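The values are calculated or read from the model by the stated rules, or taken from the named source; none is laboratory data. Just so we're clear, the structure is a prediction, and the values are computed from it rather than from any experiment. We place every Cβ from the backbone using ideal geometry, glycine too, and count neighbours over all the protein chains shown. Heads up: the accessible areas ignore ligands, DNA and RNA and are worked out on the full protein's heavy atoms, side chains in. Shrake-Rupley method; radii C 1.70, N 1.55, O 1.52, S 1.80 Å.
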Amino acid sequence: MTDVIIAKATEPKARLLLAHGAGAAANSDFMQQLALELAALHIEVWRFNFAYMQRFLDSGKRSLPDKMPVLLQQFSQQIENCPADLPLFIGGKSMGARVASLLSTNSRVNAIFAFGYPFHAPKKLSWRTEHFSALGCPLFVAQGERDAFGNAAELADKSWPRVVLHWLSDGDHDFKPRVKTGLTQQQLIAQAAQSCSRKIDEILLATQ
């Protein structure tokens, strides 16, 4: 197992275990910025690398992600490693979010947060949503409106009982808006973190 990168929060209200996307590690700029924004909102963030990514970081030799059963086992182990002192939420960026969503029936998990869900591969019509009808807990998705893995137009007529979409204005898969909008990637990451914090507050209030 890889080391966990922890972004501590003052008076933390919850812990969010986050997995990275297929091509960028837990210490990517996106993941670091997201963790900082969440920590500022009293959410302690734990980030980890899947084994294939850790091998790349250690050796410099890039490889494809492991098969889904392997990724699920590794994510499940990280859940088990989390102490029980705070309410636990899980999620991730892109592929990491997809893996997290497949663990929705884990009894320790209160909800799942996807920061750019890969609804389908770019320009492909094979959707990765077959499990959405059987989610064991809510799935909250922060998605850029222009995301090539599932944009606002493509998802306009789709809905699932336990999936809530939060659209980020003009964002792509990495939450980068076009310059002409006057927005920045950092602003959209901050908006995604704020949406996450609000949903956590709602869940914690409902369980009191």
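Mind listing just one residue for me: the one in region 191-208 that is polar (S, T, N, Q) and farther than 26 Å from residue 145 by Cβ and, of those, most open to solvent (accessible area, probe 1.4 Å)?
Residues of region 191-208 that are polar (S, T, N, Q), as a first pass: 191, 194-195, 197, 207-208.
Next, from what is left, pick out any that are farther than 26 Å from residue 145 by Cβ: 207-208.
Values: 207: 95, 208: 174 Å².
Ranking the qualifying residues of region 191-208, first place goes to 208.
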Enumeration of residues in region 117-153 that are of a type in the set (A, V, I, L, M), under 22 Å from residue 192 (Cα atoms) and not in a loop (DSSP other than H, G, I, E, B): 139, 141, 142, 152, 153
Any hit, region 179-194, residues being charged (D, E, K, R) and within 25 Å of residue 28 (Cα to Cα): no
When residues of region 121-142 are limited to those that are in contact with a strand residue (DSSP E or B) (Cβ under 6 Å, 6 or more places away or on another chain) and not small (Gly, Ala, Ser), the one nearest to residue 171 (Cα to Cα): 141
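For residues that are in a helix (DSSP H, G or I) and of a type in the set (Ser, Thr, Tyr), scanning just region 178-195, find the one that is farthest from residue 37 (Cα to Cα).
We begin by selecting, within region 178-195, every residue in a helix (DSSP H, G or I); these are 179-181, 185-195.
Filter once more, so that each one left must be of a type in the set (Ser, Thr, Tyr): 181, 195.
Numbers: 181: 22, 195: 11 Å.
Selected residue: 181.
Can you name the residue in region 162-176 that is in a loop (DSSP other than H, G, I, E, B) and open to solvent by 20 Å² or more (accessible area, probe 1.4 Å) and, of all such residues, is farthest from residue 133 (Cα to Cα)?
Selected residue: 176.
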Helices (runs of 4 or more DSSP H) within region 1-96 that include 2 or more residues of a type in the set (Asp, Glu) and either at pLDDT 95 or above or loosely packed, with under 15 Cβ neighbours inside 10 Å (or both): 29-39
Scope region 177-190; condition surrounded by 18 or more Cβ atoms within 10 Å (Cβ to Cβ) and under 17 Å from the mean Cα position of the chain (by Cα); matching residues: 185, 188, 189, 190
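Picking from 81, 110, which residue would you name as being under 14 Å from residue 135 (Cβ atoms) and not acidic (Asp, Glu)?
Details: 81 fails: under 14 Å from residue 135 (Cβ atoms).
None of the others qualify; the one that does is 110.
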All positions within region 112-126 that are at negative phi and either open to solvent by 20 Å² or more (accessible area, probe 1.4 Å) or of a type in the set (Gly, Ala, Ser) (or both): 114, 121, 122, 124, 125, 126
